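Undergrad: This is the structure I want to talk about, given as structure tokens.
The values are calculated or read from the model by the stated rules, or taken from the named source; none is laboratory data. Predicted model only: the values in this text are computed from it and were never measured. Note: ideal-geometry Cβ built from the backbone for every residue, glycine included; neighbour counts use all protein chains shown. We work out accessible area using only protein heavy atoms, side chains counted, and drop any ligands, DNA or RNA first. Shrake-Rupley method; radii C 1.70, N 1.55, O 1.52, S 1.80 Å.
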Amino acid sequence: MSEPPQSADLIIFGGTGDLSMRKLLPALYHCDRDGRLSPTTRVIAMSRGGLDDADFRGKADAEVRGSVPVDDPDLWRRFLGRLHHVSVDIGGEDTTGWARITGLLAGREHHNRVFYLASPPMTFGPFCRELHRAGLVTPAARVVLEKPLGRDLASAQRINDEVGAIFDERQIYRIDHYLGKETVQNLLVLRFANTFLEPIWNSLWIDHVQITAAETVGTPGRRGYYDHAGALRDMVQNHLLQLLCLVAMEPPARNHRESIRDEKVKVLRALRPIVGGEVDRFAVRGQYTAGESGGVRVPGYLDEPGSTAPTGASHRVETFAALRAEVRNWRWAGVPFYLRTGKRMPYRCSEIVVQFKDVPHSIFPGSAPNRLVLRLQPSEGIRLHLMAKEPGAGEVALKPVPLSLSFAETFTARVPEAYERLLMDVLTGTPTLFMRRDEVEAAWRWIDPIISEWESGGMTPEPYPAGSSGPAGAHELVARSGRAWHGENLA
Ligand code: BG6
């Protein structure tokens, strides 16, 4: 029998924003529906919004209800009853919000207390200081930091210092929602709970690895954020590098938070720096122009509304990035890791492709190397592409065929959203799937020289039409070594 869930107060700063309404509240509702929230657990949104509890519940009813399965109206009502809203004036004169939140939390010091900062990173420090001033940081309290953690190494260090002045590292949960995805966790199980892969998981047998996160969406509604981020900061510094770490890391001694995070950080530190003139050879950036996406004509990035960048600066924002990374250690020497991500691609597809080397000597014409594909989305699953003989007499004809494990077909249980898993981990105090300070900083240390080269050079990203598979440079990046991108319709 598993332990009954512990009572908690989850305080979401930025609680009426997009992330909260689209991801956090639906995830919490699913947890509630599955009986994973204690009856006395509360969700307290904090924002500048001027709402009261009833307004916030009304907002959740209008915006969240349609995106979750509400098969029992009582359960939905119970979930709404958990929601509260406190208006705060960060750094301002008006302290009534702080008095209200203090009142709400009084007497509940022994309940789990989690502060979730779903707001821009420059608010993390001030918010933590206000929490401290209000006496709300109990020894067992935890704080969750949403990405992006800064916009370069220096700002990330500053934020880590500011938050670290109030919370111990063990209380800080830096979230990367990709680590909560089922296939990502399955990658660890596949590698470390089976014997057959590990002996061949190295440069002797693997030719290269591709990690793709392609999205059909553009940046409508997020242009202001994106103008200051770009694909490298938004997707590569965190999600794609985390995936790379899980593919490349050494077997940890234990399934324990520090063992796993120790191995990941070693991978980040072993990444070959891409600096100066090398950036053009190893990194490609693109920006989408008008085109057709999902059968609909869509505008180019520069015509999306909501720009906050100074005039002309948006021309330099990349909505697509592709890189060739190398992990300089015994296991991976000479194996390229190709990373790519883009908005307004023809299909939504996130996957890791491990391309094995070809047979050393082929006795059949038409053989192709084996490939292991870990699909994160859509249709999570794992496929091993093997060569097989096509049935028939006469000449032996080969055909690559997949050995498939579809999670949906193999397991009847619903595949939970990444945020459900991660929120439950925070509530139960399990930090394994969260990033440690040294990991985040090591990732920025690798990304920074690429960004500074892009930002200081005179070149702008290569244009690619919305709905296409990215700029030509991305294809040249892999073609230069006689390789090609895999992936349905993204090759
Ligand atoms: C977020 C990025 O972290 O991840 C977004 O800020 C991106 O730009 C999103 O769209 C992708 O997440 P998922 O789970 O839909 O692949």
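Undergrad: Please tell me if Ala466 is away from the ligand (no atom under 16 Å from the Cβ), open to solvent by less than 30 Å² (accessible area, probe 1.4 Å) and under 19 Å from Ala322 (Cα atoms).
TA: Working: away from the ligand (no atom under 16 Å from the Cβ): no; open to solvent by less than 30 Å² (accessible area, probe 1.4 Å): yes; under 19 Å from Ala322 (Cα atoms): yes.
In short, no.
Undergrad: Output the residues belonging to the stretch 204-240 that are within 15 Å of Pro305 (Cβ to Cβ), among the basic types (Lys, Arg) and within 10 Å of the ligand (Cβ to nearest atom).
TA: Across the stretch 204-240, the qualifying residue is only Arg222.
Undergrad: Right, next: Here are some residues: Ala472, Ala388, Ala408. Which one is under 30 Å from Asp34 (Cβ atoms), free of Cβ contacts under 8 Å to residues at least 60 places away in the same chain, among the aliphatic types (A, V, I, L, M) and more than 16 Å from the ligand (Cβ to nearest atom)?
TA: Working: Ala472 fails: under 30 Å from Asp34 (Cβ atoms); Ala388 fails: under 30 Å from Asp34 (Cβ atoms).
None of the other options fit; the residue is Ala408.
Undergrad: Follow-up question, since we're still on this one. If the requirement is being modelled with pLDDT of 90 or more and open to solvent by less than 60 Å² (accessible area, probe 1.4 Å), which of these qualifies: Thr432, Thr428? Steps first, please.
TA: Working: Thr428 fails: open to solvent by less than 60 Å² (accessible area, probe 1.4 Å).
Thr432 is the lone residue from the list that is modelled with pLDDT of 90 or more and open to solvent by less than 60 Å² (accessible area, probe 1.4 Å).
Undergrad: I'd like the residue in the stretch 1-20 that is open to solvent by 10 Å² or more (accessible area, probe 1.4 Å) and out of contact with any Ser or Thr (no Cβ under 8 Å at 6 or more places or on another chain) and, out of all such residues, is modelled with the lowest pLDDT.
TA: Met1
Undergrad: Another one. Would you confirm whether or not the stretch 394-406 contains a residue that is open to solvent by 50 Å² or more (accessible area, probe 1.4 Å), among the polar types (S, T, N, Q) and in a helix (DSSP H, G or I)? Walk me through it before giving the result.
TA: Initially, the stretch 394-406 is screened for residues open to solvent by 50 Å² or more (accessible area, probe 1.4 Å), giving 394-396, 399-405.
Pick out the ones that are also among the polar types (S, T, N, Q) and you get 404.
From what is left, the residues that are in a helix (DSSP H, G or I) are none.
Within the stretch 394-406, not a single residue is open to solvent by 50 Å² or more (accessible area, probe 1.4 Å), among the polar types (S, T, N, Q) and in a helix (DSSP H, G or I).
Undergrad: Turning to a different aspect of this structure: Could you check the stretch 338-350 and list, in sequence order, the residues that are within 11 Å of the ligand (Cβ to nearest atom) and either in a loop (DSSP other than H, G, I, E, B) or surrounded by 24 or more Cβ atoms within 10 Å (Cβ to Cβ) (or both)?
TA: Pass one, the stretch 338-350, residues within 11 Å of the ligand (Cβ to nearest atom): 341-343, 348-350.
Passing the criteria: Thr341, Gly342, Lys343, Arg348, Ser350.
Undergrad: Every residue in the stretch 263-281 that is open to solvent by less than 20 Å² (accessible area, probe 1.4 Å) and either among the acidic types (Asp, Glu) or assigned to a helix (DSSP H, G or I) (or both), please. Spell out the reasoning first.
TA: Quick first cut of the stretch 263-281, residues open to solvent by less than 20 Å² (accessible area, probe 1.4 Å) only: 264-265, 267-268, 270-271, 274, 279.
Matches in the stretch 263-281: Lys264, Val265, Val267, Leu268, Ala270, Val279.
Undergrad: Moving on to the next point. Tell me, please, whether a residue that is aromatic (Phe, Trp, Tyr), at pLDDT 95 or above and within 18 Å of Glu250 (Cβ to Cβ) can be found in the stretch 198-216. Explain how you work it out, then say what you get.
TA: Here is the first cut: in the stretch 198-216, the residues aromatic (Phe, Trp, Tyr) are 201, 205.
When the remaining residues are screened for being at pLDDT 95 or above, the result is 201, 205.
Then drop every residue that is not within 18 Å of Glu250 (Cβ to Cβ), which leaves 201, 205.
Looking for residues that are aromatic (Phe, Trp, Tyr), at pLDDT 95 or above and within 18 Å of Glu250 (Cβ to Cβ), one finds at least one in the stretch 198-216, hence yes.
Undergrad: Moving on. Going by the conditions given, is Tyr419 assigned to a strand (DSSP E or B) and either modelled with pLDDT of 95 or more or open to solvent by less than 60 Å² (accessible area, probe 1.4 Å) (or both)? Full working, then the answer.
TA: Working: assigned to a strand (DSSP E or B): no; either modelled with pLDDT of 95 or more or open to solvent by less than 60 Å² (accessible area, probe 1.4 Å) (or both): yes.
Considered against the rule, which asks whether it is assigned to a strand (DSSP E or B) and either modelled with pLDDT of 95 or more or open to solvent by less than 60 Å² (accessible area, probe 1.4 Å) (or both), Tyr419 comes out as no.
Undergrad: Answer with yes or no whether Ile260 is in a loop (DSSP other than H, G, I, E, B), over 20 Å from Pro120 (Cβ atoms), away from the ligand (no atom under 16 Å from the Cβ) and open to solvent by less than 50 Å² (accessible area, probe 1.4 Å). Talk me through it step by step, then tell me what you get.
TA: Details: in a loop (DSSP other than H, G, I, E, B): no; over 20 Å from Pro120 (Cβ atoms): yes; away from the ligand (no atom under 16 Å from the Cβ): yes; open to solvent by less than 50 Å² (accessible area, probe 1.4 Å): yes.
For Ile260, the condition - in a loop (DSSP other than H, G, I, E, B), over 20 Å from Pro120 (Cβ atoms), away from the ligand (no atom under 16 Å from the Cβ) and open to solvent by less than 50 Å² (accessible area, probe 1.4 Å) - is not met.
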